[in-house]
Structure formats: C-alpha cells, structure tokens
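Some notes on the structure that comes next.
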Amino acid sequence: MLKQEAEVREVLVFDIWGDFAHFKKNYATTSALTYNFPPRNTIAGIIGAILGLKRADFPEKLSPEKSYIGVSILSPIMKKTITMNLIHTKPSESLIFKNNFGYFKKHTQIPFQFLSNISFRVYFSTDDEEMFSQLYTYLKNHKSHYTVSLGLSNLLCNFKLIGKKTIRKKEVANKEVEVLTVIPMNKVKEVNVFKNPKMNIENLPRFIDSSRTVHEYQEVLSSMDPEKPLFVVPRDTLWEIENDKFISFL
C-alpha cells in the first residue's frame with residue numbers, strides 16, 4: 001500500500017509590534033479589556049490593510065476557509081489601564097456644559113486596558129498565489145496601502161518580514177511536541193504544565209463577517225512566557241516548521 005504524501009505549504013512569516021495594543025474583549029461592557037494577543041480577524045485586518053483590501057472585503061477574502069493564520073507572542077504580556085475621554089453620546093442629555101471657565105463639550109471617561117511594548121510573529125498562507133506574492137512584496141519593501149494599527153486606529157504598528165518558510169502537515173497524535181504559536185484547544189489532547197507552567201486560555205472570535213457578526217468562537221491556549229513554547233499532545237495533525245517544532249493556525 002502506497003504511503004500518502006504529507007501536505008506541504010509555503011508560509012509568509014513576519015513580525016508586528018508597537019508601543020501599545022488593544023484587542024477588545026467584546027463581552028466587556030463597563031471597561032474595555034484586551035485579549036493577550038490579536039484574534040484571527042484582527043490579524044486578517046492587518047493583512048488587509050497592508051494589501052489595501054476594503055473593510056467590507058477582507059473578512060471574506062481572508063476567511064478561515066481561504067487562508068491560514070497563526071500567531072506567536074514574542075514579548076512579555078504587560079498590561080496598563082488608562083482612562084480615556086470619549087465623546088458623550090447620551091441623546092437625553094445636553095452635549096455642552098458650562099462652568100466658571102466657559103462652555104465645554106461633555107465627555108465620558110472609560111477605563112481602557114492596553115498591552116504595552118508588545119510584539120507578535122504572524123504566519124500566513126493562502127492558495128491565492130497573487131495575494132501571497134503581493135503581500136510578500138509589500139512586506140519586503142516595508143510598505144502598506146493603509147496605515148497599520150494594533151486594534152485601535154491610534155495605536156500604530158510596525159512590521160518586518162522574516163521570510164518564507166515551507167511547512168509540512170504531520171501526524172503527531174499521542175506524541176508530545178513543541179508548539180511555537182498559540183493553539184486552539186480543540187486541537188489539544190494534553191498539556192505539559194511542568195515544562196511551561198505559565199499558560200493561559202482565552203475564548204476568542206474566530207470569524208467576524210463584514211457586518212461585524214461573530215460566526216464562531218474558539219478557546220485558544222497561549223504561553224505567557226515568550227521564552228518558553230507550549231508543550232502539548234495534539235489530537236491529530238500539526239504543521240512542522242522546523243525539525244520537531246510545530247505551528248498551529250487559528
């Protein structure tokens with residue numbers, strides 16, 4: 001019986017970083033909390049901004065069915081809470097108030113949680129060869145069509161191409177492996193907490209369409225220590241990027 005050849009893909013690897021980042025947890029109401037790393041849809045938006053894709057187009061063009069997106073955390077997770085002055089929007093109240101100094105516009109003060117001095121590594125692949133080639137050219141020349149940000153438009157983001165790499169899909173069920181990226185919990189059978197005790201599980205949106213409707217959530221395991229990868233026993237297959245080192249896609 002002939003042995004089936006392993007699936008092979010080419011991935012673009014690039015780093016993104018900035019002074020501050022905010023990836024809002026949509027279930028947080030009274031204060032704006034942030035995820036520890038960008039959800040899949042946020043990374044798709046960053047790629048869309050580099051390529052110049054319209055806001056209404058990138059969710060479908062970079063959907064989980066059409067692209068592969070993975071991320072690893074490169075810096076320590078440090079969070080700061082800063083109170084922001086937002087525009088007062090209650091229709092039942094006047095938007096102007098007067099005191100001894102004159103007339104002023106009302107503002108609403110909301111605590112925002114930010115990640116500070118943060119950096120991530122992104123792994124991207126797609127069957128669309130034109131898109132893949134175009135993104136490689138933009139990254140190589142350090143150019144983008146739109147300004148790139150980390151969650152909010154005023155949190156500017158820098159980026160740098162690491163290169164192209166070939167990955168191979170490999171059957172690793174019932175075998176402990178080293179994973180360089182965050183990994184969805186539905187792909188994990190066991191976790192080795194002794195090799196890396198600093199881990200976190202978050203429930204993130206996986207796909208948000210152009211009307212901002214969330215179609216799917218997923219629980220994702222991440223390492224809180226950038227010096228230590230995850231050590232897990234997968235349920236079936238993962239993508240090998242180096243000898244016995246693996247990545248996973250969101």
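No lab work stands behind these numbers, since they all come straight from the coordinates. Note that this is a predicted model, so its numbers are computed, not measured. Reconstructed Cβ throughout: ideal geometry from the backbone, glycine too, with neighbour counts over all protein chains shown.
Of note:
- When the chymotrypsin sites (Phe, Trp or Tyr not before Pro) in segment 171-237 are filtered for DSSP coil states and for at most 14 other beta-carbon atoms within 10 Å of their beta-carbon, the remaining sites are F194.
- Descending semi-axes in whole angstrom, ellipsoid equivalent of the chain, from the Cα gyration tensor: 37, 21, 16
- Two-site label geometry, D236 and K195: point separation in nm, points 7 Å out along Cα→Cβ: 2.3 nm
- Loop-located GluC sites (Glu not before Pro) in segment 162-204 whose Cβ has at most 16 other Cβ within 10 Å (DSSP): E176
- Label point of A173 set 7 angstrom out along Cα-Cβ; within segment 216-237, amide nitrogens under 18 Å from it belong to 232-237.
- Aspartates and glutamates whose Cα lies under 12 Å from that of K164, excluding same-chain neighbours fewer than 8 positions away: E10
- Sorted by Cβ density within 10 Å, fewest first, the residues L238, L180, L74: L74, L180, L238
- In terms of surrounding Cβ atoms within a 10 Å radius of their Cβ, W239, W17 rank from fewest to most as W17, W239.
- Our summary gives the chain a relative contact order of 28 percent, counting only alpha carbon pairs under 8 angstrom and 6 or more residues apart.
- Relative contact order (%) - segment 141-250, alpha-carbon pairs under 8 angstrom, separation at least six: 37 percent
- Helix 129-140 and the longest principal axis of the C-alpha atoms of the chain enclose an angle of approximately 60°.
- Nearest-0.05 FRET efficiency for N117 and H145, computed from C-beta distance (R0 22 Å): 0.25
- Counting only Cβ charges, +1 for Lys and Arg and -1 for Asp and Glu, the dipole size of the chain around its Cα centre is about 860 debye.
- The loop-placed trypsin sites (Lys or Arg not before Pro) in segment 184-250, going by DSSP, that have at most 11 neighbouring Cβ atoms within 10 Å of their Cβ come out as R212.
- Fraction of alpha-carbon pairs over 23 Å apart in segment 134-250 - percent: 46 percent
- Length added when fully stretched, T81-D57, from 0.36 nm per residue minus Cα-Cα: 5.3 nm
- Fewest-first ranking of D244, D225, using other Cβ atoms within 10 Å as the exposure measure: D244, D225
- Taking a Cβ cut-off of under 10 Å around R9, the surrounding Lys, Arg, Asp and Glu residues balance to a net charge of 0, with basic ones at +1 and acidic ones at -1.
- Cα convex hull volume per residue for segment 124-166 (Å³): 90 Å³
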